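The structure appears below as structure tokens.
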Amino acid sequence: MASSQKMVLFNLGFRPFFLMSGIFSMLFIVLWSLFYSHGWNFPSQMMTAMQWHSHEMIFGYAMGVVAGFLLTAVKNWTDIQTIHGLPLLVLVITWLLARISPFIGYEQALIVTFVLNCLFLIGLLIALTLPVLKAKQWKQVGIL
């Protein structure tokens, strides 16, 4: 079996990010409801349920969907394959670790979450910029 067939989930950016964003939204809505309705604190005790919810709506769900859309759209616009295989897997894992890190009970959890979110966004920016520059599609630079 060819390498590309083994990792078919990671051949196009929308596949893992839309899947993970969908799973994330279902699980974390239930989790947030439990935290909010029972007044639970996060293990790091550095944010409230409302702050976590606000953060995850932007950096979790929305950025996951945006990443999936843009990785696929840039491929279609430029006719150049965006990251896939192992590099895409690394980007997805970075996004996923940033979603999980607030639940680790140590003081530096928010710093780790911040660093992981920044690494994800920088990785996404690089993954989108390279094909746009290679194809010299200057009209797409604004989206970056």
*Residues within region 57-83 that are within 21 Å of residue 23 (Cα to Cα) and touching a helix residue (DSSP H, G or I) at 6+ places or on another chain (Cβ under 6 Å), tallied*: 9
*Out of all the residues in region 16-28, is one or more surrounded by fewer than 18 Cβ atoms within 10 Å (Cβ to Cβ) and within 20 Å of residue 123 (Cα to Cα)?*
yes
*Residues of region 67-79 being surrounded by fewer than 14 Cβ atoms within 10 Å (Cβ to Cβ) and in contact with a Leu (Cβ under 9 Å, 6 or more places away or on another chain), which ones?*
none
*asked:* Suppose the filter is of a type outside the set (Lys, Arg) and without any contact (Cβ under 8 Å) to a residue 60 or more places away in the chain; does residue 60 pass it?
replied: yes
*asked:* Within region 88-144, take every residue that is among the hydroxyl-bearing types (Ser, Thr, Tyr) and assigned to a helix (DSSP H, G or I) and give me the one that is surrounded by the most Cβ atoms within 10 Å (Cβ to Cβ).
replied: 113
*Looking only at region 10-28, decide whether some residue is assigned to a helix (DSSP H, G or I), without any contact (Cβ under 8 Å) to a residue 24 or more places away in the chain and of a type in the set (Ser, Thr, Tyr).*
no
*Of the conditions (1) buried (at least 16 other Cβ atoms within 10 Å of the Cβ); (2) over 21 Å from residue 115 (Cα atoms); (3) touching a Phe, Trp or Tyr at 6+ places or on another chain (Cβ under 7 Å), residue 83 clears all except one; give me its number.*
(3)
*Any residue in region 76-88 that is of a type in the set (S, T, N, Q) and farther than 24 Å from residue 131 by Cα?*
no
*asked:* Whether any residue in region 38-61 is in contact with a His (Cβ under 8 Å, 6 or more places away or on another chain), surrounded by fewer than 17 Cβ atoms within 10 Å (Cβ to Cβ) and either not in a helix (DSSP H, G or I) or not basic (Lys, Arg) (or both) is what I want to check.
replied: no
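A short reminder: the numbers here are calculations on the coordinates, not readings from a lab. What you see is a predicted model, and the numbers here were worked out from it, not measured in a lab. Virtual Cβ from ideal backbone geometry, glycine too; neighbours counted across all protein chains shown.
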